[in-house]
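Report on one structure; see the data block that follows.
Every read-out reported here was derived from the displayed coordinates using simple, explicitly stated rules and does not represent laboratory data. None of the values given here were measured: they were computed from a predicted structure. Cβ placement follows ideal geometry from the backbone for every residue including glycine, while neighbour counts extend to all protein chains displayed.
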């Protein structure tokens, strides 16, 4: 019987930062349930013909909670731009007796981020991708809590993913041994 504590990996970051690419790889690496806000929100738009506010997040919290209760790891892939949703994701983990790891994915090279926004494609039918102008207007609260920061700028995906898993393993090792050290913030 496996009595390991499940982990909620909470990925956050702007569109085109590389978040979904890393989230999918993370789900494979940690054999985790993958919950993607974009898929849920677009599904709601398609099925219910409604403007989406927080509904996608609320459904995602429930899905994540159901899987954490089963003892499964979960990867939550969302922009997670405001303190409220960040806190709510953490509550999903703690209320289901799971650990959580906050991961902020950034692309520090603005020109590269703009290019990614212009050239990327989606595998979600009917999803309208944001433009650079949309991203600039999007609210994005400053972080007040410790998190792992992973910068995807000017690095191949495999190198970025290796760096991410090293940081996660370091953090999990610290928490396993009861260290009060916070995860890396750079």
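If R0 is 30 Å, what FRET efficiency do you get for residue 127 and residue 153 from their C-beta distance, rounded to 0.05?
That pair, residue 127 with residue 153, gives E of 0.80.
Starting from 0.36 nm per residue, how many nanometres of slack lie between residue 70 and residue 5 once their C-alpha separation is accounted for?
22.4 nm
To the nearest µm²/s, what D does Stokes-Einstein give for the chain at 4 °C and 1.567 mPa s, using the Kirkwood radius over alpha carbon pairs as Rh?
Stokes-Einstein gives a translational diffusion coefficient of 76 µm²/s.
At a Förster distance of 22 Å, what's the computed FRET efficiency of residue 91 paired with residue 48, Cβ-Cβ distance as r, to 0.05?
The value I calculate is 0.30.
Counting only helical runs of four or more DSSP H residues, what would the 222 nm mean residue ellipticity of the chain come to if each run contributes -39,500 (n - 2.57) and the total is spread over all its residues?
Counting only the DSSP helices, I get -14500 deg cm²/dmol.
Taking the chain as a Gaussian network, Cα atoms linked when under 10 Å apart, which of 82, 37, 168 shows the biggest mean-square fluctuation?
82
How much FRET efficiency would the formula 1/(1 + (r/R0)^6) give for residue 110 and residue 84, where r is the Cβ-Cβ distance and R0 is 30 Å, rounded to 0.05?
0.65
Modelling each spin label as a point 7 Å along the Cα-to-Cβ direction, I'd like the residue 170/residue 138 distance in nm, to one decimal.
2.7
Would any residue of segment 97-113 have its amide N under 14 Å from a label point 7 Å out along Cα→Cβ of residue 120? List them or say none.
Hits in segment 97-113 for residue 120 at 14 Å: 105-113.
Once every Cα of segment 98-137 carries one equal point scatterer and solvent is ignored, give the base-10 log of I(q)/I(0) from the Debye formula at q = 0.30, 0.32 Å⁻¹, two decimals.
Result of the Debye calculation: -1.09, -1.14.
In percent, what relative contact order does segment 7-176 have, based on Cα pairs under 8 Å that are 6 or more apart in sequence?
31
If the viscosity is 1.002 mPa s and the temperature 20 °C, what Stokes-Einstein diffusion coefficient in µm²/s follows for segment 10-82 when Rh is the Kirkwood radius over Cα pairs?
169
I want to verify a result. In a Gaussian network model of the chain, Cα cutoff 10 Å, which of these has the top mean-square fluctuation: 142, 108, 39?
In the Gaussian network model the winner is 142.
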